[in-house]
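The values are calculated or read from the model by the stated rules, or taken from the named source; none is laboratory data. Here the structure is a predicted model, which means the values were calculated and not measured. Backbone-built Cβ (ideal geometry, glycine too); neighbour counts: all protein chains shown. The protein model used for the area step is the full one, side chains on, heavy atoms only, and it has no ligands, DNA or RNA in it. Shrake-Rupley method; radii C 1.70, N 1.55, O 1.52, S 1.80 Å.
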Amino acid sequence: MARHNAAIYGVESRIEFILADYVSFAKAYNMLSPHRRTLDVVFLSPPWGGPEYISSPKKNGATIGKVGEETEAERHPVFHLDSILPIHGSDLFALTSTITSNIAYYLPRNVDLQEVAALSPKDKVEVEEEWMGDKLKAVTCYYGGLVAGRDHLF
């Protein structure tokens, strides 16, 4: 779909799509010579763990508390970066930052924004909400030259 969208917008000749296991690719890329080809941007969209990423917390298979007494936090628990598998979300970001500082990170709407900010403590992060109609679906977090007003870093 990304390749199709690139063709629609006339930028397909400026984008190279790489289909591979990302972690293996990133580690191999880092072992190349310093004169390796530069990657401008990496868009991370890791698996969130299926539909359970937004479900109520469970204890021994049962929902905590009584029906109708759930708090907002129980209905929509915070998504932590350690929920990303097979590699911790902060490790995934750290690996990617060895390749480029221009990172877009697509995450669940209930991600812990403190953790998102801590990924790049000395730099800014811009968080964009992704809405479908009146429902917030996800957020995209931008780092490096992808942050508004910082395109000189790109």
Under a Cβ-Cβ cut-off of 10 Å, what is the net charge of the residues other than V78 that fall near it, where Lys and Arg count +1 and Asp and Glu count -1? -2
Apportionment of accessible area to carbon and sulfur, the stretch 113-154, percent (1.4 Å): 53
Starting from 0 in steps of 10 Å, tell me what percent of the Cα-Cα pairs of the stretch 75-154 lands in each bin. 18, 51, 27, 5, 0
How far is the Cα center of the stretch 25-57 from the Cα center of the stretch 79-138, in Å? 11
